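A.B. asks: Quick one: the structure is below, questions incoming.
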Amino acid sequence: MTVKVGDKVPSAKMRHMTSEGPKEISTDELFAGKKVALFALPGAFTPTCSAKHLPGFIEKAAELKAKGIQAIACVSVNDAFVMDAWGKQQGSGDKVMMLADGNGEFTRAMGLVMDGTPNGMGQRSQRYSMVVDNGVIKQLNVEQPRAYEVSSAEHMLKQL
């Protein structure tokens, strides 16, 4: 694992959907001057991601914000169109920003790549969550393979 608590989030670019189409956003822009809860997962529309991970952050968004989180972001190695469609299907609205790391640039910079090749998924992100304050990682919760425990919204709430 490349990053750890206390590190600055690596500079990278991702995309998110706007009314004008996909728009690039840098990690510097995303994290500057605010406290952000970011969670990453292997793929949009996949079972655990759709049944638990994203819904948990949507459901707990108000509680996270009440504890000082100013923005919540979901990242996956998918394209902006897929992330937008998944966000709409899940009802993320303005609660969770859906970020596409289509080329895996951010995931590689974080050092949190998962090799899903044996399952036909290619290089994806490991499942994790983190709290970033003004670009610095304050909490980092990386799951063991095939697990869903420490990266949940509920676990993050206990840490805040």
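A.B. asks: What number of residues within the stretch 86-111 satisfy the criterion of being small (Gly, Ala, Ser) and assigned to a helix (DSSP H, G or I)? Step through it out loud before you land on a result.
C.D. replies: Just the residues of the stretch 86-111 that are small (Gly, Ala, Ser), to begin with: 87, 91-93, 100, 102, 104, 109, 111.
With the extra rule that they be assigned to a helix (DSSP H, G or I), the set shrinks to 87, 109.
Of the residues in the stretch 86-111, 2 are small (Gly, Ala, Ser) and assigned to a helix (DSSP H, G or I).
A.B. asks: Tally up the residues in the stretch 25-35 that are closer than 18 Å to Glu105 by Cβ and surrounded by 15 or more Cβ atoms within 10 Å (Cβ to Cβ), please.
C.D. replies: Pass one, the stretch 25-35, residues closer than 18 Å to Glu105 by Cβ: 25-31.
If we keep only those that are surrounded by 15 or more Cβ atoms within 10 Å (Cβ to Cβ) too, we end up with 25, 27, 30-31.
Summing the residues that are closer than 18 Å to Glu105 by Cβ and surrounded by 15 or more Cβ atoms within 10 Å (Cβ to Cβ) in the stretch 25-35 gives 4.
Residues are listed down the side, and each one gets a yes or a no for (1) under 19 Å from Lys13 (Cβ atoms); (2) buried (at least 21 other Cβ atoms within 10 Å of the Cβ); (3) touching a residue at least 60 places away in the same chain (Cβ under 8 Å):
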{"site": "Glu59", "(1), (2), (3)": "no, no, yes"}
{"site": "Lys67", "(1), (2), (3)": "no, no, yes"}
{"site": "Ala71", "(1), (2), (3)": "yes, no, no"}
{"site": "Met83", "(1), (2), (3)": "yes, yes, yes"}
{"site": "Ser92", "(1), (2), (3)": "no, yes, no"}
{"site": "Glu105", "(1), (2), (3)": "yes, no, yes"}
{"site": "Arg108", "(1), (2), (3)": "yes, no, no"}
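A.B. asks: In the set Asp7, Asp79, which member is farther than 19 Å from Asn134 by Cβ and either at pLDDT 95 or above or in contact with a Gly (Cβ under 7 Å, 6 or more places away or on another chain) (or both)? First the steps, then the outcome.
C.D. replies: Working: Asp7 fails: farther than 19 Å from Asn134 by Cβ.
From the options Asp7, Asp79, the qualifying one is Asp79.
A.B. asks: Further, regarding this structure: Can you name every residue in the stretch 144-160 that is farther than 19 Å from Lys65 by Cβ and touching a helix residue (DSSP H, G or I) at 6+ places or on another chain (Cβ under 8 Å)?
C.D. replies: At the first step, the residues of the stretch 144-160 found to be farther than 19 Å from Lys65 by Cβ are 144-150.
Scanning the stretch 144-160 gives Tyr148, Glu149.
A.B. asks: Can I ask one more? Which members of the stretch 112-149 meet the condition of being modelled with pLDDT of 95 or more, surrounded by fewer than 17 Cβ atoms within 10 Å (Cβ to Cβ) and either closer than 15 Å to Ala40 by Cα or among the charged types (D, E, K, R) (or both)?
C.D. replies: Residues satisfying the conditions are Asp133, Lys138, Gln139.
A.B. asks: Determine which member of the set Pro10, Pro22, Pro55 is part of a strand (DSSP E or B) and surrounded by fewer than 21 Cβ atoms within 10 Å (Cβ to Cβ).
C.D. replies: Values: Pro10 fails: part of a strand (DSSP E or B); Pro55 fails: part of a strand (DSSP E or B).
Matching residue, one of Pro10, Pro22, Pro55: Pro22.
A.B. asks: Being over 19 Å from Leu157 (Cα atoms) and among the aromatic types (Phe, Trp, Tyr) is the requirement here; does Phe45 meet it?
C.D. replies: Details: over 19 Å from Leu157 (Cα atoms): yes; among the aromatic types (Phe, Trp, Tyr): yes.
So Phe45 fits the description; yes.
A.B. asks: Only one of (1) over 14 Å from the mean Cα position of the chain (by Cα); (2) closer than 18 Å to Met130 by Cα; (3) surrounded by 12 or more Cβ atoms within 10 Å (Cβ to Cβ); (4) not basic (Lys, Arg) is not met by Phe45, so which one is it?
C.D. replies: With respect to (1) over 14 Å from the mean Cα position of the chain (by Cα); (2) closer than 18 Å to Met130 by Cα; (3) surrounded by 12 or more Cβ atoms within 10 Å (Cβ to Cβ); (4) not basic (Lys, Arg), Phe45 is out only on (2).
A.B. asks: What pairs can you find where one residue is in the stretch 32-44 and part of a strand (DSSP E or B), the other is charged (D, E, K, R), and their Cβ atoms are less than 6 Å apart, with a gap of 6+ or different chains?
C.D. replies: If the second residue must be charged (D, E, K, R), the pairs left are Lys35/Asp133; Leu41/Arg127.
A.B. asks: Quick check: anything in the stretch 15-25 touching a residue at least 24 places away in the same chain (Cβ under 8 Å), among the β-branched types (Val, Ile, Thr) and under 22 Å from Glu143 (Cβ atoms)?
C.D. replies: Within the stretch 15-25, not a single residue is touching a residue at least 24 places away in the same chain (Cβ under 8 Å), among the β-branched types (Val, Ile, Thr) and under 22 Å from Glu143 (Cβ atoms).
A.B. asks: Do you know which residues across the stretch 70-85 are more than 14 Å from the chain's Cα centre (by Cα) and either farther than 17 Å from Ser125 by Cα or assigned to a loop (DSSP other than H, G, I, E, B) (or both)? Full working, then the answer.
C.D. replies: Just the residues of the stretch 70-85 that are more than 14 Å from the chain's Cα centre (by Cα), to begin with: 70, 81-82, 85.
Listed by number, the residues that qualify are Gln70, Phe81, Ala85.
The values are calculated or read from the model by the stated rules, or taken from the named source; none is laboratory data. For clarity, every value in this text was computed on a predicted model and none was experimentally measured. In this analysis, Cβ positions are derived from the backbone assuming ideal geometry, glycine residues included, and neighbour counts consider all displayed protein chains.
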